[in-house]
Each structure stands twice: as structure tokens, then as C-alpha cells.
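Input: a single structure, listed below in C-alpha cells.
The values are calculated or read from the model by the stated rules, or taken from the named source; none is laboratory data. What you see is a predicted model, and the numbers here were worked out from it, not measured in a lab. Here the Cβ positions follow ideal geometry from the backbone for every residue, glycine too, while neighbour counts run over all protein chains shown.
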Amino acid sequence: MNGFFRNMLMAQYFRSLWKFNKWLCCFFGAVVILQVVFTAIKLNAVPLLLYGMYSEKALPSRIVHHREAFLDDRPLSSYQMPQRRRQVLEGSLRQYVSMRKHGGEDPVRSRVESRYFWLVRSAVYPCIKAGVFNSGKELSAFERWFREACSKTIGKPVGSVKIVEQVFRLSDDNSSLTLVSDEQVAAF
Amino acid sequence: MSRLRHFSDYLEIAGEARSRVQRFFFAFATLGLVINVYTGISLYQLRGNPLEYQAVDPTYWLFMLLHIPEWTSRFALLFDAVLFFSCIASAVWVRQNISCTIFFIFHFIYFVVYNMTAAHHYHIHGTTFMGLAFLFRSRTNFAYVLLFLRFGFCFMMFSAAAWKIYRGNITHVDQFYSFMLEYHADNLLRSADSWRTGLVRFLLGYKWLLHSFWLLLIALEFLFIAGFLTLRWDRLLLAAYLLFFTGAFVLMDIYSYDNLLFLLTLAPVVQLIGLPGKRNSVGVAA
């Protein structure tokens with residue numbers, strides 16, 4: 001077993017790199033250790049990332065929860081656009097809705113203050129609080145940015161945006177989704 | 001041949017191929033930047049979102065504290081210009097690393113700001129991470145870094161399999177079914193008349209078939225554990241990733257073209273780009 005680990009490629013690599021360039025070896029060794037530790041404690045710290053990739057256990061259901069932005073009463077999802085542009089619009093909207101539902105406060109701040117007491121009690125926390133967390137006054141600036149971003153994407157001005165959270169049920173023949181309920185969460 | 005010699009072969013071939021690999025990488029990266037502009041996600045096109053996503057990521061927090069998203073928004077056009085020119089310069093003048101260093105720094109900043117704007121940790125980091133290798137002018141340093149990036153690539157894939165196994169995906173028959181339903185909700189809602197929507201509708205009627213695809217995906221990801229052990233299986237890893245990429249595109253409309261650049265670290269690709277007309281055997285261990 002010792003021979004197996006000694007002779008594996010990664011072990012050979014680090015032994016060889018240590019002889020060639022000790023600084024590079026220490027740097028890469030630190031990267032490996034940090035990546036393993038951050039993976040174990042489930043912390044993303046770019047460039048050290050978690051690669052869960054859709055592994056979170058999904059509950060079996062024929063119910064689908066869907067958030068839709070209506071641009072002048074037409075759903076955003078009905079517009080053809082590049083996938084990554086859609087990711088930006090939908091992702092940024094998710095951030096906005098999260099804050100709206102949290103009464104205009106950044107939910108990350110609540111999470112930090114409820115879990116990381118050592119950080120909250122530290123001397124740097126006032127600086128973090130002022131510089132890191134989003135505040136309610138940024139919501140209206142976001143609304144302006146989002147409307148403009150959508151306008152540029154669809155190629156025409158957008159007057160109003162309504163954000164609705166919908167619940168659908170998949171039909172028995174899997175051909176369509178039927179609306180069960182919807183709730184408007186924001187409009188601007 | 002001894003195993004150490006073949007490990008040395010990789011370093012030798014990769015080192016000698018440095019200029020060619022740099023030209024290929026930055027040509028592809030330039031194409032990637034053009035695609036970014038075409039798809040509306042260059043920094044200039046994304047600028048101005050005041051509600052940046054910071055999660056509990058120390059790097060995102062540092063960016064917020066240093067007001068980097070605001071600064072890049074203010075000088076977005078200049079930023080994009082520097083990104084483009086450093087990329088093109090790196091493809092043209094391959095015996096220098098100044099433009100490569102500038103590109104690496106700027107692309108890293110772009111990668112983080114994109115993710116903060118799109119409010120996620122997207123794993124579209126092939127261009128960003130692979131750029132690290134070209135910071136080193138020395139052929140041997142470059143080769144060592146390229147091989148380390150290969151380990152990073154293998155970790156990314158194997159880790160994805162490990163998470164799925166750890167979270168019980170192997171026996172959870174509803175996993176891929178539920179994921180496909182949520183993921184393709186937009187198309188199903190609009191009754192979109194595309195081949196992919198038709199395929200999804202068909203597959204949603206066969207949960208076990210979907211689960212089989214998921215198990216195949218996990219198996220393809222798990223294969224990458226071999227990358228830590230030997231170079232001998234790199235051809236198989238190349239085929240596995242191409243199959244993975246194709247499956248993700250067909251079933252989920254996911255095509256992380258940036259991550260194709262990680263394939264440059266695999267032994268057969270290094271050989272192919274490396275010495276023209278000379279095919280040394282690499283990684284055939286005793």
C-alpha cells in the first residue's frame with residue numbers, strides 16, 4: 001500500500017517539483033490542502049470551489065416552482081437569448097427577490113450574524129458590515145439596472161417588470177405544466 | 001521504460017510545446033471573448049448591477065471591500081479592451097509572458113465579477129485557471145504548472161462524482177428526473193417545439209432511463225480519479241470528458257466551452273499540439 005501511494009503520479013509530481021522548485025511546490029501543496037479543507041467545510045473561496053454540480057438531493061415531485069419576470073406582461077422566458085445572458089438576468093433577479101423577501105435586508109448578513117459569532121465579535125466586522133452586505137437602498141438602483149439590461153437584451157424598451165412566483169403541476173403524460181398558483185412578489 | 005521517465009516525458013514534451021500551447025490557448029481564449037461579446041456578457045455589457053452577490057465567499061467579500069465591481073463598471077470599456085489586447089498579444093508573441101500575466105489578472109477579475117453579477121458560483125473557469133500556466137516563461141516551470149492544472153481538472157470531475165455518491169444520488173432514482181423537470185420548466189411551460197423539449201418530454205416518462213443517464217454521468221466523472229494515479233488513462237479521460245460535454249449539451253443545454261481548455265493538460269493533447277510529426281509515447285507506465 002505504501003508503494004502504491006509512493007508511486008502514484010501525484011506523489012511523483014510533488015517529489016520531483018520539490019527538487020526543482022521548492023517555492024512552487026509549497027504553493028501548490030498549500031493549494032491542495034486548502035482545497036481539501038474548504039471542500040470538507042463546504043466553503044467556496046474563489047479560486048477554490050465546491051463541485052457539487054446538481055448533487056443536492058431533489059425531492060420527488062410532479063410540482064415545479066418557477067419564478068417568472070414579466071416584461072410589459074410578456075414572460076422573460078419567452079424571449080430567445082443566449083444561455084449565459086439569461087443566467088445573468090435570472091440570477092441577478094434571484095438576488096433581488098431574496099432581499100425583497102428579507103424586508104430589504106441582505107440575507108447573507110442574517111446568516112453570518114446567526115452562525116459566525118467569532119466574526120461578528122471581531123474588530124473587522126464593522127468594516128465588513130459596511131462594505132460587504134447589500135442594503136435596501138440598492139433595490140431601486142437594481143430595478144433601474146434590470147429594466148435597462150432587459151431592454152438591451154430583447155432589443156426594445158421595457159416599461160414595467162412584474163415578478164411572479166408560480167407553482168405548476170406536470171400533466172400525467174408529461175407533455176405540459178398546469179398552473180396551480182401564483183403570487184406577485186414585486187413590480188417596478 | 002521506467003515510470004519516472006514517462007512522467008519526465010510529459011514534462012519534456014509539454015515544456016517544448018510551450019509556444020504552440022500558448023498560441024492555441026490564447027487563440028481559443030480570444031474566440032471565447034468574442035463569444036462573450038456576442039452573447040452579451042462582456043464586462044461592458046454587464047456593468048452597473050448594484051446588487052452584487054457575495055455569499056460567504058472570502059474572495060467575493062474582498063472584491064466588495066475593495067469596490068472592484070464598481071471600479072470595473074466605471075472603466076468597463078477600457079477593461080474589456082485590455083482583456084482583448086492582452087489575449088491577442090499573448091497569441092501572437094508567444095515568447096513573452098507580460099501580456100499573459102495581464103490577461104490572467106484581468107480575466108480572473110472578470111470571472112469573479114461575472115459570477116457576482118449572475119449571483120452564482122459558475123464553474124466556467126477553464127480560461128481563467130489555465131491562464132496560470134502561461135505566467136511562467138521557463139519551459140520546465142510551465143510544464144509543472146500544466147501538470148498541476150491537470151490534477152485540478154481531475155479533481156473538479158472526480159469531486160463532482162464524490163459529492164453525488166456522498167449525497168446518495170446512486171440510489172435516489174428521482175434525482176435526475178426532478179432536476180430535469182425544474183431545469184426545463186421554461187421550455188415545458190411554453191410548449192417549445194424544439195428537439196430538446198421533445199426529448200425531455202419523452203425522458204420524463206421513463207424515470208429509470210433518466211436515472212441510468214445520471215449513473216453514467218457519475219461513472220464518467222468518477223473515472224477522473226485515475227488522473228491522480230497515472231498518465232496511462234489520459235486517452236480514456238479525454239473520451240470521457242467529450243462524452244460528458246456532449247451529454248450535458250444534449251440533455252441540459254449546458255456547454256461550458258471555457259472548460260474545454262482543460263483538455264490541453266491531458267497527455268494525448270499535449271503530444272498532439274507539441275512536437276509536429278513526432279509522437280512520443282507518454283504515460284505508458286511499466
Given the structure, is B:Gly126 surrounded by fewer than 24 Cβ atoms within 10 Å (Cβ to Cβ), under 11 Å from the mean Cα position of the chain (by Cα) and either more than 7 Å from every other protein chain (Cβ to nearest Cβ) or without any contact (Cβ under 8 Å) to a residue 40 or more places away in the chain (or both)? no
The one condition in (1) loosely packed, with under 14 Cβ neighbours inside 10 Å; (2) within 9 Å of chain B (Cβ to nearest Cβ); (3) under 22 Å from B:Thr117 (Cα atoms) that A:Arg115 fails to fulfil: (3)
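Those residues that are part of a helix (DSSP H, G or I) and either without any contact (Cβ under 8 Å) to a residue 12 or more places away in the chain or among the hydrophobic types (A, V, I, L, M, F, W, C) (or both), I need them from the stretch B:105-123; list them, please. Before you say what the answer is, go through the steps one by one.
Taking the stretch B:105-123 and keeping what is part of a helix (DSSP H, G or I), we get B:105-118.
Scanning the stretch B:105-123 gives B:Ile105, B:Phe106, B:Phe108, B:Ile109, B:Phe111, B:Val112, B:Val113, B:Met116, B:Ala118.
Is it fair to say A:Ser98 is farther than 19 Å from A:Glu148 by Cβ, at the interface with another protein chain (Cβ under 9 Å from one of its Cβ atoms) and surrounded by 14 or more Cβ atoms within 10 Å (Cβ to Cβ)? Give the derivation first.
Numbers: farther than 19 Å from A:Glu148 by Cβ: yes; at the interface with another protein chain (Cβ under 9 Å from one of its Cβ atoms): yes; surrounded by 14 or more Cβ atoms within 10 Å (Cβ to Cβ): yes.
Judged against the criteria, A:Ser98 is a match.
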Enumeration of residues in the stretch B:231-253 that are without any contact (Cβ under 8 Å) to a residue 60 or more places away in the chain and within 12 Å of chain A (Cβ to nearest Cβ): B:Arg232, B:Trp233, B:Asp234, B:Ala248, B:Phe249, B:Asp253
Has the stretch A:66-74 got any residue that is crowded, with 18+ Cβ neighbours inside 10 Å and either part of a helix (DSSP H, G or I) or without any contact (Cβ under 8 Å) to a residue 12 or more places away in the chain (or both)? no
In the stretch B:49-63, anything more than 25 Å from the chain's Cα centre (by Cα) and either among the aliphatic types (A, V, I, L, M) or surrounded by fewer than 18 Cβ atoms within 10 Å (Cβ to Cβ) (or both) is listed as B:Leu51
Got at least one residue in the stretch B:136-143 being in a helix (DSSP H, G or I), more than 8 Å from chain A (Cβ to nearest Cβ) and in contact with a Lys or Arg (Cβ under 6 Å, 6 or more places away or on another chain)? yes
Residues B:Arg74, B:Arg47, B:Arg95: which one is within 14 Å of chain A (Cβ to nearest Cβ) and basic (Lys, Arg)? B:Arg47
Search the stretch A:133-180 for residues being within 8 Å of chain B (Cβ to nearest Cβ) and in a strand (DSSP E or B), and hand back the single one that is surrounded by the most Cβ atoms within 10 Å (Cβ to Cβ). A:Leu177
Out of all the residues in the stretch A:44-70, which are more than 7 Å from every other protein chain (Cβ to nearest Cβ) and closer than 20 Å to B:Met156 by Cα? A:Leu48, A:Leu50
Enumeration of residues in the stretch B:176-214 that are more than 19 Å from A:Ser55 (Cα to Cα), charged (D, E, K, R) and either within 26 Å of the chain's Cα centre (by Cα) or in a helix (DSSP H, G or I) (or both): B:Asp186, B:Arg196, B:Arg201
For residues that are at pLDDT 95 or above and not in a helix (DSSP H, G or I), scanning just the stretch B:68-104, find the one that is farthest from the chain's Cα centre (by Cα). B:Phe75
